[in-house]
Amino acid sequence: MKIQLKYLPITGIVALFAVIGFFLIKAGYEGIEDSVLTDLVQEEGLRLKNIHYIQDNPDEGAKWILDADEVNISKDRQHISFNNFHMKLEPETDLAIDLIGSKGNYDKISDEINLSGDLEGHTNNGYRISTDHILYKQKEGHLKADGPVEITGPFFLIKGSGLLVNLETETIRVIKDTATFIKRGSLIL
């Protein structure tokens, strides 16, 4: 039986895939992937795009969820930096905070997360926080900012410098240079 000339290229491609498949199975495909990934991490760290990361260890403090456009993980896997992020902090108390910003980094050794770049925060009980930099101390359960801050509530606006949010006691405090504006009609004297 003769093989027609028009089927010869297809037969060649099938034979080539069969040979490649045989060698991949014989060499152990998983070993190849692991060694390439390990070499990549050892040389320069790891760069990922469009990640969804959940930190949910009760011993580490509050649960947090990170969605970011780009993440860089250091060679020793102790430092993580990320860009264009949305982070949700969910402590054991009722106060949850959504934070959106442009840059951040997580230091696993100190359990601190630095967030910066036009930060907007929203609490689940209706408050909005605006600042340029926040430090989240995971072990202590505190959010801290040193620069200008603005907090908007259902009937007021507070502007000042410095911020301390205690997730355990569910308190938000502006440290200094505070000016408070109460919306018209919300305060009856």
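The values are calculated or read from the model by the stated rules, or taken from the named source; none is laboratory data. As the structure is a computational prediction, the values presented were derived from the model and not from experiment. Note that each Cβ is placed from the backbone with ideal geometry, even for glycine, and that neighbours are counted across all protein chains shown.
Below are the figures for this structure:
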| quantity | calculated |
| --- | --- |
| Identity of the residue in region 148-185, outside any strand (DSSP E or B) and not basic (K, R), that ends up farthest from D98 (Cα to Cα) | G185 |
| One residue from T178, T152, T169 being surrounded by fewer than 17 Cβ atoms within 10 Å (Cβ to Cβ), more than 15 Å from L95 (Cβ to Cβ), among the hydroxyl-bearing types (S, T, Y) and assigned by TED's automatic domain parsing to the domain that holds N105 | T178 |
| So I182, is it in contact with a Phe, Trp or Tyr (Cβ under 7 Å, 6 or more places away or on another chain) and either of a type outside the set (A, V, I, L, M, F, W, C) or in contact (Cβ under 8 Å) with a residue 24 or more places away in the chain (or both) | yes |
| Flag if D94 is of a type in the set (D, E) and in contact with a strand residue (DSSP E or B) (Cβ under 9 Å, 6 or more places away or on another chain) | no |
| Lone unmet requirement of (1) touching a residue at least 24 places away in the same chain (Cβ under 8 Å); (2) touching a Lys or Arg at 6+ places or on another chain (Cβ under 9 Å); (3) within 22 Å of H86 (Cα to Cα) for L135 | (1) |
